[in-house]
Structures are given as C-alpha cells and as structure tokens.
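Inspection log for the structure reproduced underneath, given as structure tokens.
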Amino acid sequence: SVDMDSDRIILKRAVLTGQPFRMYKRTVVVRWMFFFASDVKLLAGARLWTKYGRTGDIIEPLGTHGLMKCVLSDTTTQKDTVCLSLYKRVFPKPIESEAR
C-alpha cells in the first residue's frame, strides 16, 4: 500500500525509442521515434540517451515525417538505439471505505 503523504510525488515513465538513420561524427539523424515534425519541435532540446551509454540532445526536425537531427556525446553505430524518457505525474486513486 502506498502511504498518503502529501510530499510524495508518483511518476510514470515512458521510454520512446528510435534508430540511427544517418551518422556523421557526433551528429545523428534518428527515425521511428516520432511521426510528425511538430512532435520533434515540441521536444527540441530534450535529453536523449542510447543503449550504449551516449547522451545527447534533439536539435531540429528534418522533413515532415518525424526524422530529427540530434547531437550525441560521442560517435555511435547503426546497431545502437536512441531513447527518450518521458515522465508523467500520477495521482493515487482514492480508497473507497468498506464501512457504509
């Protein structure tokens, strides 16, 4: 059971993943994470991480189909996976009293 402390914040995490499409040194074009350029613009500047331990940021959308340009901390390969963690606050459900 979760304690009903007013200072406690419960977060739900969702991880979006994409694949490197084109790479040039530290600059990477990522696909299959988003489907619209407006989604990329909304999250421009968000912190990315990869399965192989690199970190980076979203720079800008490319085209209209959700491709995005990113800059990572080091070079990467095609077999790496680029991830973006999103967090949402979740409020506990009220407990119905059994004594009626």
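The values are calculated or read from the model by the stated rules, or taken from the named source; none is laboratory data. From a predicted model like this one, the values you see are computed outputs, not experimental measurements. So basically every Cβ, Gly included, is an ideal-geometry build from the backbone, and we count neighbours across all protein chains shown. Remember, those area values only see protein heavy atoms, side chains included, never the ligands or the DNA or RNA. Shrake-Rupley method; radii C 1.70, N 1.55, O 1.52, S 1.80 Å.
Data overview
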read-out: Among residues of the stretch 32-56, those that are crowded, with 17+ Cβ neighbours inside 10 Å and assigned to a strand (DSSP E or B), counted; value: 4
read-out: Selected residue (criterion: nearest to residue 12 (Cα to Cα)) from residues of the stretch 76-86 that are among the polar types (S, T, N, Q) and open to solvent by less than 60 Å² (accessible area, probe 1.4 Å); value: 85
read-out: Subset of the stretch 57-75 [on the phi < 0 side of the Ramachandran plot and open to solvent by less than 20 Å² (accessible area, probe 1.4 Å)]; value: 58, 68, 70, 72
read-out: Pair list, Cβ < 9 Å and 6+ apart or interchain, from the stretch 82-100 residues that are farther than 28 Å from residue 52 by Cα and of a type in the set (Ser, Thr, Tyr) to residues that are open to solvent by less than 100 Å² (accessible area, probe 1.4 Å) and at pLDDT below 75; value: none
